[in-house]
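Below: one structure, written as structure tokens.
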Amino acid sequence: MEPFDLPTLDGLHLVPGLCDGVLTGVEALAGFPSLHTLPHTAVLGFHGVNVHGSESRNKSMVVNIKNPYEDTKTELIAQEMVGKRTFIGWPFLQEGLVAAVSDSLFKYEKMSIVSGGPQKIISNPHPPHGLGHWKMKAERIETFYSKKLGVIMGSVDVLVHVRPLAGQ
């Protein structure tokens, strides 16, 4: 051990708190992790969240996400989101571009019907093995958020396919 002496301010004064102009909460920089942008409730209870490789035997704070797209058709979600920017990987957010939206039956993508023509949202059925693959992905996402992060979002009915944006 060595003693450490804190540096002196040499006549300067310390200003407590955040600097002027810092944005927090909903106004924070895009991609900053925040629950202010999601409709949610939280409850302290027994949920068996995975902590260090085993299920917690104690109470955990569990976040219940309310689905703003409840009872909305997948095609309408696709029309709203495909081609737009979004953030993925909560709570450590990364910006991405929505390439497609899918449900258990169809994948909705923006395509040109005629070469060089305007793009429209087109529904394509999943290949024969695709339904099982889609359900497996949806269940994996639901389980990961529930048991690893303590976030309950209900059943996953729609998947959003996002291409992460790279670069500056």
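Quick notes on this one:
- For segment 158-168, a tally of residues being over 19 Å from L38 (Cβ atoms) and touching a residue at least 24 places away in the same chain (Cβ under 8 Å) returns 4.
- Taking the conditions (1) free of Cβ contacts under 8 Å to residues at least 40 places away in the same chain; (2) over 17 Å from V158 (Cβ atoms); (3) open to solvent by less than 80 Å² (accessible area, probe 1.4 Å); (4) not β-branched (V, I, T) in turn, P91 satisfies each one other than (1).
- Test: residue in segment 25-40 that is modelled with pLDDT under 90, at positive phi and of a type outside the set (D, E, K, R): yes
- Filter pass, G48 being in contact with a strand residue (DSSP E or B) (Cβ under 9 Å, 6 or more places away or on another chain) and at positive phi: yes
- Looking across segment 1-37, the residues that are closer than 30 Å to I152 by Cβ, open to solvent by 70 Å² or more (accessible area, probe 1.4 Å) and of a type in the set (A, V, I, L, M, F, W, C) come down to L23, V26, L29, A30, F32.
- Near pairs, Cβ below 9 angstrom, 6+ apart or cross-chain, from segment 38-55 (farther than 27 Å from V26 by Cβ and open to solvent by 70 Å² or more (accessible area, probe 1.4 Å)) to any residue that is of a type in the set (G, A, S) and in a loop (DSSP other than H, G, I, E, B): F46/S56; E55/G48
- Given (1) surrounded by 13 or more Cβ atoms within 10 Å (Cβ to Cβ); (2) under 22 Å from H161 (Cα atoms); (3) without any contact (Cβ under 8 Å) to a residue 60 or more places away in the chain, index of the condition K66 fails: (1)
Results for (1) farther than 21 Å from P91 by Cβ; (2) touching a residue at least 40 places away in the same chain (Cβ under 8 Å); (3) open to solvent by less than 50 Å² (accessible area, probe 1.4 Å); (4) not acidic (D, E), shown as yes or no for each residue.
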{"position": "D103", "(1), (2), (3), (4)": "yes, yes, yes, no"}
{"position": "G130", "(1), (2), (3), (4)": "yes, no, yes, yes"}
{"position": "T143", "(1), (2), (3), (4)": "no, no, no, yes"}
{"position": "V156", "(1), (2), (3), (4)": "no, no, yes, yes"}
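- Of the residues making up segment 71-80, none is surrounded by 11 or more Cβ atoms within 10 Å (Cβ to Cβ), closer than 25 Å to A28 by Cα and touching a strand residue (DSSP E or B) at 6+ places or on another chain (Cβ under 6 Å).
- Meets criteria (in contact (Cβ under 8 Å) with a residue 40 or more places away in the chain, on the phi < 0 side of the Ramachandran plot, assigned to a loop (DSSP other than H, G, I, E, B) and not hydrophobic (A, V, I, L, M, F, W, C)) for N58: no
- All of (1) modelled with pLDDT under 90; (2) over 24 Å from E70 (Cα atoms); (3) under 15 Å from the mean Cα position of the chain (by Cα) hold for M153 with one exception: (2).
The values are calculated or read from the model by the stated rules, or taken from the named source; none is laboratory data. Worth saying up front: this structure is predicted, and the values here are computed from it rather than measured. Cβ sites come from the backbone with ideal geometry, for glycine too, and all protein chains shown count toward neighbours. Each accessible area value is taken on the protein alone, full model and side chains, heavy atoms only, with ligands, DNA and RNA left out. Shrake-Rupley method; radii C 1.70, N 1.55, O 1.52, S 1.80 Å.
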